[in-house]
Amino acid sequence: MELSKQSVLLIGGGEVAERKLDLLLKANAKLTIISPQFTDYILDLIKNNKNITAVNSTYKTEHMTNSFSFVIAATNDESLNEEIASQANHKGILVNVVDKPNICDFIFPSILERGPITVAVSTGGSSPVLARLLRTKLETLIPGAYGRLAKIVSENRIPVRKKLVNSKSNRIFWEQMLNGKFVELVLSGQDSAAVNYLNKEINNFDEEKKGEGEVYLVGAGPGDPDLLTFRALRLMQQADIALYDRLVHPTITDLIRRDAQKVYVGKQRDNHTVRQEEINSLLVKYAKQGKRVLRLKGGDPFIFGRGGEEIDTLVDNNVSFQVVPGITSASGCSAYSGIPLTHRDHAQSCIFVTGHLKEGKLDLNWEKLIQPNQTIVFYMGLISIDIICSQLIENGLDSKTPCALVQQGTTPDQKVYTSTVENMSQLVKEKKPIAPTIFIIGFVVNLREKLNWYNTD
């Protein structure tokens, strides 16, 4: 709301009213304040600000007229505040009641300003103190120079728009500028050099070339969004369209650019929503349309993620791409389960294996898997758990070897089932864990009892 054109009624003259008063005056509101008593701070503001009309009186119904755009009830009388809210509702005037979000028509966020940039933090009125703490954190992340940056960008928007015909090119140009040297120059106080650099880049920007599509093959990690890399998050925010897998947790897909098109291409056992060949073709198709295509895959795209097949197709079709590794599920799930995959006393090597069945069989070099002091990690092994356990025992693994099945690792729904190789199949039948899972076999599992740190209870 543009407050410089509005009349506001503030009822109250104490410390709570002081906070609201500062905000309203900063926005140049025309303010009427009513209270039988005012703090010295408010009295000083009344004396020195022509935008304030003070009424030294207890509040009366006739004080509220339809000339006010909104009303703020900031007295220390809870019943009076509720009465004011009721009267405002009857008159169709917006009302804010301090510390009563349930009867407010609007709330005041905690505000951070950097020149023309305004960042507002709101908790929906549930915790103003928390909102202020978050704003304080943002103060450290957003330097004051961002105000100058916004001013320079504003002054150059029209020249860029005139040079670049396509609105998409305009966005690509500014994303490029705001992620590179231009920003560094402004933040270091070299405004003139920044403007010169910007002008040079405007003239050198090849709209036709920048309009070419590109694919971002990004590893989303095992589930916890905090495990994403900075680069992954940046590219997720730049993409025009995103193709994502079943194993990508919803809290991560929520971080994709809000106006990007999202296409689910998840695959489950015996239920391939979109076949791999079709996914490969879609990546090429969207990139050829000039789109920046995000291919978001659970874990790491090059570890049982078929990322190699996808970029092989991109190379054959002359499509540009980037690859961003992610924390693979074995590493993430074992860490969140308190199970180190290697340990000087228990395991000097670790091997990753797919437990995916082909025509009902699991054709693996079982003897190679069964080595002294080696941890075995099976991806996608839930459905084949019976075969895995029986084959390992048949080929010489001690049936008492400890093992762990990690369900939905690194998320709040993580569950860890520990047993021995001979008993894990029965445990799975009883507990009925849900995919995705990681199956860890080896004496490092015994360390979980002592090292477990991630508690989801």
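The values are calculated or read from the model by the stated rules, or taken from the named source; none is laboratory data. Small disclaimer: the values here were computed from a predicted structure and weren't measured. For neighbour counting, all protein chains shown are included, and Cβ atoms are generated from backbone atoms with ideal geometry for every residue, glycine included.
In segment 156-166, what count of residues is obtained for those that are part of a helix (DSSP H, G or I), of a type outside the set (D, E, K, R) and more than 14 Å from Glu201 (Cβ to Cβ)? Write out each step before concluding.
Restricting attention to segment 156-166, the residues satisfying the condition of being part of a helix (DSSP H, G or I) are 156-163.
Now restrict to residues that are of a type outside the set (D, E, K, R): 156, 158-160.
Next, only the ones that are more than 14 Å from Glu201 (Cβ to Cβ) stay: 158.
Residues flagged as part of a helix (DSSP H, G or I), of a type outside the set (D, E, K, R) and more than 14 Å from Glu201 (Cβ to Cβ) within segment 156-166 amount to 1.
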*Only one residue in Thr123, Thr136, Thr118, Thr58 is free of Cβ contacts under 8 Å to residues at least 40 places away in the same chain, surrounded by fewer than 16 Cβ atoms within 10 Å (Cβ to Cβ), of a type in the set (S, T, N, Q) and assigned to a loop (DSSP other than H, G, I, E, B), so which one is that?*
Thr58
*Limited to segment 90-115, what total is found for residues that are more than 36 Å from the chain's Cα centre (by Cα) and either within 16 Å of Leu24 (Cβ to Cβ) or touching a residue at least 60 places away in the same chain (Cβ under 8 Å) (or both)?*
1
*Just checking, how many residues over segment 61-79 are surrounded by fewer than 17 Cβ atoms within 10 Å (Cβ to Cβ), touching a residue at least 60 places away in the same chain (Cβ under 8 Å) and either closer than 13 Å to Ile34 by Cβ or of a type in the set (A, V, I, L, M) (or both)?*
0
*Restricting attention to segment 282-293, does a residue exist that is β-branched (Val, Ile, Thr) and closer than 25 Å to Ile438 by Cβ?*
no
*How many residues does segment 18-44 contain that are out of contact with any strand residue (DSSP E or B) (no Cβ under 6 Å at 6 or more places or on another chain) and surrounded by 19 or more Cβ atoms within 10 Å (Cβ to Cβ)?*
4
_Go through (1) within 25 Å of the chain's Cα centre (by Cα); (2) surrounded by 14 or more Cβ atoms within 10 Å (Cβ to Cβ); (3) over 22 Å from Ser384 (Cα atoms) for Pro250 and report which single condition fails._
(2)
_Those residues of segment 320-338 which are part of a loop (DSSP other than H, G, I, E, B) and in contact with a strand residue (DSSP E or B) (Cβ under 6 Å, 6 or more places away or on another chain), in sequence order_ = Pro325, Gly326, Ile327, Thr328, Ser337
*Of (1) of a type outside the set (S, T, N, Q); (2) surrounded by fewer than 20 Cβ atoms within 10 Å (Cβ to Cβ); (3) in contact with a helix residue (DSSP H, G or I) (Cβ under 6 Å, 6 or more places away or on another chain); (4) farther than 16 Å from Gln408 by Cα, Pro301 satisfies all except one. Which?*
(2)
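Have a look at Ala193, Ala239 and point out the one that is more than 14 Å from the chain's Cα centre (by Cα) and crowded, with 21+ Cβ neighbours inside 10 Å.
Numbers: Ala193 fails: crowded, with 21+ Cβ neighbours inside 10 Å.
Result: Ala239 is the single residue among Ala193, Ala239 that is more than 14 Å from the chain's Cα centre (by Cα) and crowded, with 21+ Cβ neighbours inside 10 Å.
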*Since Gln87 meets every condition but one in (1) touching a residue at least 40 places away in the same chain (Cβ under 8 Å); (2) surrounded by 15 or more Cβ atoms within 10 Å (Cβ to Cβ); (3) in the same structural domain as Ile33 (by TED's automatic domain parsing); (4) among the polar types (S, T, N, Q), which condition does it not meet?*
(1)
*asked:* Suppose we keep only residues that are closer than 19 Å to Val248 by Cα and not polar (S, T, N, Q) within segment 325-350. Which one would you say is surrounded by the most Cβ atoms within 10 Å (Cβ to Cβ)?
replied: Cys333
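Among the residues of segment 20-32, is there at least one that is more than 43 Å from the chain's Cα centre (by Cα) and outside any helix (DSSP H, G or I)? Break it down stepwise before answering.
Quick first cut of segment 20-32, residues more than 43 Å from the chain's Cα centre (by Cα) only: none.
Among the residues of segment 20-32, not one is more than 43 Å from the chain's Cα centre (by Cα) and outside any helix (DSSP H, G or I), which makes the answer no.
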*Go through the residues of segment 278-297 one by one and say whether even a single one is in contact with a strand residue (DSSP E or B) (Cβ under 9 Å, 6 or more places away or on another chain), within 19 Å of Gly409 (Cβ to Cβ) and buried (at least 21 other Cβ atoms within 10 Å of the Cβ).*
yes
_If I filter segment 182-202 for residues that are basic (Lys, Arg), closer than 26 Å to Glu310 by Cβ and not assigned by TED's automatic domain parsing to the domain that holds Gly308, do I get at least one hit?_
no
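Can you tell me which residue in segment 196-233 is surrounded by the most Cβ atoms within 10 Å (Cβ to Cβ), limited to those that are among the aliphatic types (A, V, I, L, M) and within 30 Å of Lys297 (Cβ to Cβ)?
So the first thing to find is which residues in segment 196-233 are among the aliphatic types (A, V, I, L, M), and the list is 198, 202, 215, 217-218, 220, 227-228, 232-233.
Filter once more, keeping what is within 30 Å of Lys297 (Cβ to Cβ): 215, 217-218, 220, 227-228, 232-233.
Working: Val215: 25, Leu217: 24, Val218: 31, Ala220: 29, Leu227: 19, Leu228: 20, Ala232: 22, Leu233: 16.
Residue satisfying both the conditions and the ranking: Val218.
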*asked:* Given the options Glu212, Glu201, Glu175, name the one that is in contact with a Ser or Thr (Cβ under 8 Å, 6 or more places away or on another chain) and closer than 30 Å to Leu314 by Cβ.
replied: Glu212
*asked:* Regarding segment 294-314, can at least one residue be identified that is touching a residue at least 60 places away in the same chain (Cβ under 8 Å), of a type in the set (Gly, Ala, Ser) and assigned to a helix (DSSP H, G or I)?
replied: yes
_Looking at segment 4-17 only, could you name the residues that are touching a residue at least 60 places away in the same chain (Cβ under 8 Å) and crowded, with 18+ Cβ neighbours inside 10 Å?_
Val8, Leu9, Leu10, Ile11, Gly12
